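K.L.:
Got a structure for you, questions after.
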C-alpha cells in the first residue's frame, strides 16, 4: 500500500468527500452500476458544465451542458451541503468510503492531480497533513488511467451530443436517458 493511500485511509473525517462534487467518467458509472446492481441515476446527479467542456452532455438543443457527479446526501452532523452518497459514517464518528475498490478514478488518485503534464499533490478541502507524501508510481499510473478514461468518455459524450442535436424538435431527454446510453456504450 502506498503512503498516499494509507494516509487517506487513516483520515477519520474524509472531509475531502464533503466539500465538492466528485465528477465521474463513463468507466466509473458503468463499473459502479454493474458491480452494485443499481441504475446510474440512483447514485449520480447532473451538474452544470461549461458549454465547451468535452465531458459536458446535452439533454436538448439549448446549448446547456451537464456533467455527471456522485450524488450528495445530508447526514446527521455532516458538513453543510452534505457528503458523497457513498461516504459511510461509523458509530465511532469516523468515516469510510462505502465503495472501497470501486471508488471513481478521481477519488483513487486523490490528492494527486495532473496539471498539464506536471503531477501535483493538491488536497483542497482536505484536513489531512500531506507533508512528506511523495508522488509515487501508483499515482502516476492512476493519473494516466484517469486521462485515458476521460478521453474515452469524451468520445462517448460526443456521440451522445451528436444524437441529441439530431433530435431537433423532439421531446427533451432526461439524465436517465444518458445513464442508459452510458451502460450501452460501456460493454461489460
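K.L.:
For an R0 of 35 angstrom, estimate the FRET efficiency from the Cβ-Cβ distance between residue 136 and residue 36 and round to the nearest 0.05.
P.N.:
0.75
K.L.:
I would also like to ask the following. Obtain the radius of gyration and the Kirkwood radius of the range 123-188 from its C-alpha atoms and give Rg over Rh.
P.N.:
Computed over Cα atoms, the ratio is 1.20.
K.L.:
Computed from the coordinates I sent, Rg and Dmax of the Cα atoms in Å equals one of (1) 16.5, 54; (2) 17.4, 57; (3) 15.3, 47. Tell me the label.
P.N.:
So the calculated entry is the one marked (2).
K.L.:
For the pair residue 88 and residue 52, what calculated FRET efficiency results from E = 1/(1 + (r/R0)^6), where r is the Cβ-Cβ distance and R0 = 35 Å, to the nearest 0.05?
P.N.:
Numbers: r = 37 Å, r/R0 = 1.04.
After rounding to 0.05, the efficiency reads 0.45.
K.L.:
Continuing with this model, one more query. Which distance in nm do the two modelled labels at residue 5 and residue 73 give, with both placed 7 Å along the Cα-to-Cβ direction?
P.N.:
2.6 nm
K.L.:
Between residue 64 and residue 145, what is the spin-label point distance in nm, taking each point 7 Å from the Cα along the Cα→C-beta axis?
P.N.:
Between residue 64 and residue 145, the simple spin-label model gives 3.5 nm.
K.L.:
Follow-up question, since we're still on this one. Hey, can you rank 143-155, 25-37 by average C-beta count inside 10 Å, highest first?
P.N.:
Working: 143-155: 15.9, 25-37: 19.0.
Going by the mean number of other Cβ atoms within 10 Å, highest first, we get 25-37, 143-155.
K.L.:
Also, quick follow-up: With label points built 7 Å along Cα→Cβ from the Cα atoms of residue 163 and residue 45, find their separation and express it in nm.
P.N.:
2.5 nm
K.L.:
Another question, if that's okay. Can you tell me the orientation of helix 137-165 relative to the chain, as the angle in degrees between its alpha-carbon axis and the longest Cα principal axis, to the nearest 10?
P.N.:
Result, in degrees: 20.
K.L.:
Compute the acute angle (0 to 90°) between the alpha-carbon long axis of helix 26-36 and the principal axis of greatest extent of the alpha-carbon atoms of the chain; round to the nearest 10°.
P.N.:
The helix 26-36 is inclined about 70 degrees to the chain.
A short reminder: the numbers here are calculations on the coordinates, not readings from a lab. These numbers were taken from a predicted model, which means no experiment stands behind them. Cβ atoms come from the backbone with ideal geometry, glycine included; neighbour counts cover every protein chain shown.
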